[in-house]
Amino acid sequence: MFSGRQFCRPRRRVFYIFVFFICNLLFVFLCISEWGYNDLPASELNKSSDHHLDYREFISHTPERPRDLYQYNLSLSDSLGVVRKLPTTRHYRCITQPYNLPPPFESNLSVVISFHNEARSMLLRTIVSLLIRTPEDYLHELIILDDGSEDVTLLDDLKRWMGSVFWARDHLGLILRRNPRRMGLIWSRNRGASLASGYYVLFLDSHCEVNEGWLEPLLERLALNPHLAVSPLLDPIDPTTLSYRKGSELLKGGFDWSLHFHWLKRQLANHEHPEMPYQSPVFAGGVLMMSREWFLKLGSFNSFLKIWGGESIELAIKLWLCGGQIEIVPCSRIGHIFRRRHAFDFPPQFDQELSSAQETYLHNSKIIAESWLDEYKNMFYALRPAARRIPLDHTYDEMQKLRRELQCHPFEWYLRHVSSELRMHFDELSATGTLRNEDRCLHATQNDTHLILANCYRGDITQWSMLGNSGQLANQREYCLGVGFRSQIILEPCGRNESTRKSQRWMRLGTQLLHAETHMCLDNPLKDRLEMSTCRSNAASQSFQFALEMERQT
Ligand code: UDP
Ligand code: MN
């Protein structure tokens with residue numbers, strides 16, 4: 001009476017439900033086990049002997065800190081996983097072309113990472129991306145220096161985590177050191193390099209993610225020239241969304257006469273492809289790789305520089321002047337979080353009028369100017385008069401000795417052969433620096449909306465540049481002095497075309513500043529007033545002096 005099919009139906013249903021549950025269970029299990037490791041290769045995990053300190057546990061020990069301590073999205077970083085897939089940002093030809101690599105025994109690499117108060121998840125992602133995307137044969141050692149971070153157990157926990165996940169990499173050297181008190185990036189990186197034993201050394205920030213195939217293009221270039229130093233092309237990681245974007249091949253590193261770093265635009269020459277390595281006046285930020293021996297021979301990072309700042313500009317100048325070169329290699333991509341503000345404090349200094357960050361920057365820049373800029377150091381002092389007051393506790397004998405020993409070129413050579421931008425800026429200036437009327441200086445307020453007369457010695461006093469050809473009077477943020485409706489003095493973005501430039505053109509009558517269009521002079525009739533008025537020769541209120549007149553003008 002009952003067909004076999006009908007008889008079986010309820011049993012089958014149970015069977016399907018059972019299978020459904022098993023599948024779900026399996027799925028949940030896989031999700032949980034993969035959660036922390038994301039696309040960490042199974043081969044690494046299989047080697048793991050014990051998981052007593054897993055990724056989630058490691059980052060859960062991050063101490064409670066104010067939200068803005070790191071200047072990036074901490075909770076997002078914690079939830080991203082220890083390693084993630086990154087978009088391919090290098091040119092497709094970088095992937096297909098073969099690389100001519102030297103054998104590992106004569107080109108292995110020590111990676112130096114110094115960090116101060118880095119979030120655990122961020123630091124770990126930097127390290128793990130490096131471990132899984134670097135050919136094992138070439139990665140000689142990792143040197144990780146904790147520069148006095150507040151998270152005092154981080155380094156020990158890191159050691160345990162690394163031991164449990166990467167224990168099978170027995171030929172990988174792992175040196176973990178902690179400075180009992182904060183010594184600064186410069187000191188720490190030098191210490192890292194002195195502990196290193198690889199052929200090359202790579203200095204890496206602690207909030208990076210290296211992308212696929214980052215090392216091979218750098219190695220190929222370095223093998224061709226022992227005095228070369230290279231930077232990968234840095235792909236920006238957004239501090240808020242942590243999204244990984246493609247960095248531009250049309251930018252190189254440079255600096256201005258205040259010794260501030262800038263990205264400089266470049267153009268491709270005829271037949272030049274965007275993925276080809278190109279020369280750069282300075283490194284792309286602080287990520288650089290070179291022969292360890294050559295680095296030490298150049299005196300490492302200048303050890304008189306304090307904490308942070310100027311060290312890669314100094315290394316770049318001495319490298320170029322003493323027989324080296326710098327290239328950015330676009331086939332090598334490393335992601336780096338470009339933060340909008342410093343994530344750390346500078347130790348307090350002595351000068352009451354300067355913030356400790358300003359004083360550290362002036363101190364370091366003064367050393368660079370005195371050691372390498374020769375007579376061009378006057379440009380620096382004109383733009384940064386406060387640097388003259390900064391005391392230095394050493395002489396420059398050591399640097400002069402190095403310059404003699406390595407037969408380095410004078411700074412003039414750098415302007416001629418390396419940074420035409422810096423030279424052009426020099427050539428087009430007719431006067432520069434602070435603009436003084438009696439004992440006060442013309443100053444643009446922070447957002448460039450107001451002009452006032454202020455104490456010439458305040459740390460952020462505006463530096464002006466008078467351009468010879470256009471007659472424009474520009475500040476560092478490229479705002480120009482102009483005259484608007486009813487002879488009102490205004491600050492506006494410097495014009496690039498003829499018509500906008502017209503209202504920004506000034507001429508010099510002795511120390512007077514004559515506005516070309518209105519034929520009126522800049523005047524300071526009362527203490528805090530600034531206005532345009534009829535030019536009167538010898539009027540003290542119309543006399544404005546630049547800190548530095550370029551020689552050809554006098
Ligand atoms: N750093 C350090 N000690 C310090 C200051 C900074 O070890 O006193 C580390 C910091 O954690 C980072 C690297 O130096 O890994 C570069 O600093 P940062 O990223 O702030 O410089 P930027 O990328 O903005 O040039
Ligand atoms: Mn950084």
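The values are calculated or read from the model by the stated rules, or taken from the named source; none is laboratory data. All values reported here derive from a predicted model rather than from experimental measurement. Glycine also receives a Cβ, built like all others from the backbone with ideal geometry; neighbour counts cover every protein chain displayed. The accessibility values were calculated without ligands, DNA or RNA, using every heavy atom of the protein model including side chains. Shrake-Rupley method; radii C 1.70, N 1.55, O 1.52, S 1.80 Å.
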Assuming R0 = 25 Å, what is the FRET efficiency of Glu64 and Arg181, from their Cβ-Cβ distance, to the nearest 0.05?
-> 0.65
Taking the Cα centre of segment 179-328 as origin, work out the dipole magnitude from +1 charges on Lys and Arg Cβ and -1 charges on Asp and Glu Cβ, in debye rounded to 20.
-> 660 debye
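Within 12 Å, Cβ to Cβ, of Leu219, how many net charges do the neighbouring residues add up to if Lys/Arg are +1 and Asp/Glu are -1? Before the final figure, lay out the partial values.
Numbers: positive: Arg221; negative: Glu106, Asp137, Glu216, Glu220.
Around Leu219, the charge tally is -3.
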Quick one: if the Förster radius is 56 Å, what FRET efficiency do Asp460 and Thr88 give, using the C-beta to C-beta distance and rounding to 0.05?
-> 0.85
Tell me the Kirkwood hydrodynamic radius of segment 350-456 in angstroms, computed as one over the mean inverse distance between distinct C-alpha pairs.
-> 16.2 Å
Quick note, segment 171-211: a/c under 1.5 would make it rounded; otherwise a/b > b/c is prolate and the rest oblate (a ≥ b ≥ c, C-alpha gyration tensor); here it is oblate
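Using the crude model of +1 on Lys and Arg Cβ and -1 on Asp and Glu Cβ, and no other charge, please compute the dipole size for the chain relative to its Cα centre, in debye to 20.
Details: 63 positive and 64 negative charges, 285 e Å.
Using only the charged Cβ atoms, the result is roughly 1380 debye.
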For segment 72-136, which whole percent of the accessible surface, found with a 1.4 angstrom probe, sits on carbon and sulfur atoms?
-> 56 percent
Which Cα, out of Phe380, Ile144, His273, lies furthest along the positive dipole direction of the chain (beta carbon charges, K/R +1, D/E -1)?
-> His273
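Can you bin segment 76-165 into rounded, prolate or oblate? Criterion: square roots of the alpha carbon gyration tensor eigenvalues sorted a ≥ b ≥ c, rounded for a/c under 1.5, prolate for a/b above b/c, oblate for the rest. Could the numbers behind the result be given before it?
On the way: a/c = 2.46, a/b = 1.52, b/c = 1.62.
Oblate shape, in that a/c is at least 1.5 and b/c is the bigger or equal ratio.
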Contour minus end-to-end for His417 and Leu250, with contour as 0.36 nm per residue of separation and end-to-end as the Cα-Cα distance?
-> 58.2 nm
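Could you sort 99-105, 244-250 so that the peptide with the highest average Cβ count within 10 Å comes first and the rest follow in order?
Order by mean packing, descending: 244-250, 99-105.
Using the structure shown, list the pairs from Lys246/Lys401; Lys306/Lys527; Lys297/Lys377 with a Cα-Cα distance above 31 Å, or answer none. It would help to have the intermediate numbers written out before the result.
On the way: Lys246/Lys401 42 Å; Lys306/Lys527 39 Å; Lys297/Lys377 25 Å.
Beyond 31 Å: Lys246/Lys401; Lys306/Lys527.
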Label Asp397 and Gln279 with points 7 Å out from Cα along Cα→Cβ: what is the distance between them in nm?
-> 3.6 nm
Name the residue farthest towards the positive end of the dipole of segment 155-218 from the options Ser164, Tyr200, Ile186, assuming +1 on Cβ of Lys and Arg, -1 on Cβ of Asp and Glu, about the Cα centre.
-> Ile186
Considering only Gly81, Gly484, Leu298, whose Cα is most displaced toward the positive end of the charge dipole of the chain, charges sitting on Cβ of Lys, Arg (+1) and Asp, Glu (-1)?
-> Gly81
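Remind me, relative contact order of segment 420-497 in percent, using alpha carbon pairs under 8 angstrom and six or more residues apart?
Working: 119 pairs, mean separation 17.8, N = 78.
It rounds to 23 percent for segment 420-497.
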Nearest 10 degrees, 0 to 90: what angle lies between the long axis of helix 4-35 and the longest principal axis of the chain (Cα atoms)?
-> 40 degrees
What spacing in nm lies between the two simple spin-label points modelled at Phe485 and Val152, each 7 Å away from Cα in the Cβ direction?
-> 6.4 nm
At what distance in nm do the modelled label points of Ala516 and Gln97 sit from each other, each positioned 7 Å from its Cα along Cα→Cβ?
-> 4.6 nm
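For segment 205-331, just run the numbers: alpha carbon Rg, then divide by 2.2 N^0.38 Å, N being how many residues it has. Mind dumping the intermediate values first?
On the way: Rg = 14.7 Å, N = 127, 2.2 N^0.38 = 13.9 Å.
Expressed relative to 2.2 N^0.38 Å, the Cα Rg reads 1.06.
Rounded to two decimals, what is Rg over Rh for segment 57-125 when you use alpha-carbon atoms and the Kirkwood radius? Before the final figure, lay out each step's value.
Working: Rg = 17.6 Å, Rh = 15.7 Å.
Rg/Rh for segment 57-125 comes to 1.12.
Rolling a 1.4 Å sphere over the protein heavy atoms, what is the accessible area per residue of the chain, to the nearest Å²? Show your work: numbers first, answer last.
Values: 27090 Å² over 554 residues.
Accessible area per residue: 49 Å².
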Take the alpha carbon atoms of segment 321-379, find their center, do the same for segment 470-537, and report the distance between the two centers in whole angstrom.
-> 33 Å
Could you work out how far the C-alpha centroid of segment 145-205 sits from that of segment 215-281, in angstrom?
-> 26 Å
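In debye to the nearest 20, how big a dipole does segment 348-397 give about its Cα centre with +1 on each Lys and Arg Cβ and -1 on each Asp and Glu Cβ? Let's see the in-between values first.
Numbers: 5 positive and 8 negative charges, 33 e Å.
Approximately 160 debye in magnitude.
Taking every pair of alpha-carbon atoms in segment 471-554, give the share separated by more than 19 Å as a whole percent.
Details: 1342 of 3486 pairs.
Counting pairs separated by more than 19 Å, the tail of P(r) holds 38 percent.
Looking at segment 380-504, send over the antiparallel percent of its DSSP beta bridges, to the nearest 5. Walk me through the numbers on the way to the answer.
Values: 19 of 19 bridges.
That works out to approximately 100 percent antiparallel.
Can you tell me how much longer the chain between Leu509 and Asn270 gets when fully stretched, taken as 0.36 nm per residue apart minus their C-alpha distance, in nm with one decimal? Write out the running numbers ahead of the final one.
Values: separation 239, 0.36 × 239 = 86.04 nm, distance 4.52 nm.
Result for the pair: 81.5 nm of gain on full extension.
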Helix 356-372 vs. the chain, principal-axis angle (Cα, 0 to 90°, nearest 10) | 70 degrees
Using a Förster distance of 30 Å, how high is the FRET efficiency between Asn469 and Ala539, based on the Cβ-Cβ distance and rounded to 0.05?
-> 0.60
Here, the chain modelled as identical Cα point scatterers in vacuum has Debye log10 I(q)/I(0) at q = 0.12 Å⁻¹ of -1.20
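Is segment 411-543 best put as rounded, prolate or oblate by its Cα gyration tensor, with a ≥ b ≥ c the root eigenvalues, rounded for a/c under 1.5, and otherwise prolate when a/b is larger than b/c, oblate when not? Mind showing how you got there, number by number?
Working: a/c = 1.72, a/b = 1.44, b/c = 1.19.
Judged from the Cα gyration tensor, segment 411-543 comes out prolate (a/c at least 1.5, a/b above b/c).
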What's the angle, to the nearest 10 degrees (0 to 90), between helix 154-165's Cα axis and the longest principal axis of the chain?
-> 40 degrees
Among beta bridges that DSSP assigns inside the chain, antiparallel share in %, nearest 5 | 65 percent
With the cut-off at 24 Å, report for segment 84-238 the share of all Cα pairs above it, as a whole percent.
-> 34 percent
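Per the helix-only calculation at 222 nm, which mean residue ellipticity applies to the chain, given -39500 (n - 2.57) for every DSSP H run of n ≥ 4 and division by its residues, nearest 500 deg cm²/dmol?
On the way: 17 runs with 172 residues, N = 554.
Taking each H run of at least 4 residues, the total per residue is -9000 deg cm²/dmol.
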